[in-house]
Every structure is written in C-alpha cells, then in structure tokens.
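Participant: Got a structure for you, written out below as structure tokens; questions coming shortly.
Please treat every number below as a calculation from the coordinates, not as lab data. Note that this is a predicted model, so its numbers are computed, not measured.
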Amino acid sequence: MLVMSLTIYGQSAASVSDNFSIDYDLSVISFFPNPVKEKLNILFTNKEIKTVVLTDPMGVELFRKRYEDTSFTQIDVNDLPQNRMYILYIRDEEGATEVYKINKDI
C-alpha cells in the first residue's frame, strides 16, 4: 500500500504551533472493457483482490470467487445475456468493498 503523508507546520492567531497531517491511500481499481463482450479484466494497483462478486440488478449472484495474493483477474461473461446491466463487487485485503455497474454488450 502506498501512503503519502503531508505535514504542515504553522502558527495560529494565538501563537500556538499547529501540526497537521493527512494520509492519502493511492490505490486504484481498473476494470475494462465496459461495456464488456467476453472477458472483464479487473486490476488493483497497490492492493490485493480478495473477493469478486457479480450479480444481476435484482441481487442474484452470477459469479463469486475468492483470491489469495492477486492484483489481477478476469471474469468470463460470454454466457451472460447481452444488453443488460450487472453489479460488480470487489473486496480488497482490508475488507473494503467497491461497487460498480457493468454493461454486457453484444
């Protein structure tokens, strides 16, 4: 995990020294292509994928897979109905879940 730290030192109006620190998590999730025809590629930068779930809009689970030590995976969506929307859930090693809309193309 890449973390940047920014520290600002300054004086307030009451002449009291202030210390201010911000940490930024620079992790990025990429999935492509969208709309997808055959295979959906999922790539994490600076984190590992732990679980990927694909559902239809009603929440019916179509795909679920758990991973160990990976930052890239592919989902074969060739057999899914075309011209539909699907929901992609990606959970990382820290337990955070990202949710995305995926479109299945012709």
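Participant: How large is ³J(HN,Hα) for each residue in the range 79-91, as worked out from phi by the Karplus curve 6.51 cos²θ - 1.76 cosθ + 1.60 (θ = phi - 60°), to whole Hz, x for Gly and Pro?
Facilitator: So the Karplus estimates, Gly and Pro as x, are 8, 6, x, 7, 6, 10, 9, 10, 10, 10, 10, 10, 10 Hz.
Participant: Given H placed on each backbone N at 1.01 Å, which residues far from residue 93 in sequence or on other chains put an amide H within less than 5 Å of it?
Facilitator: 48, 50
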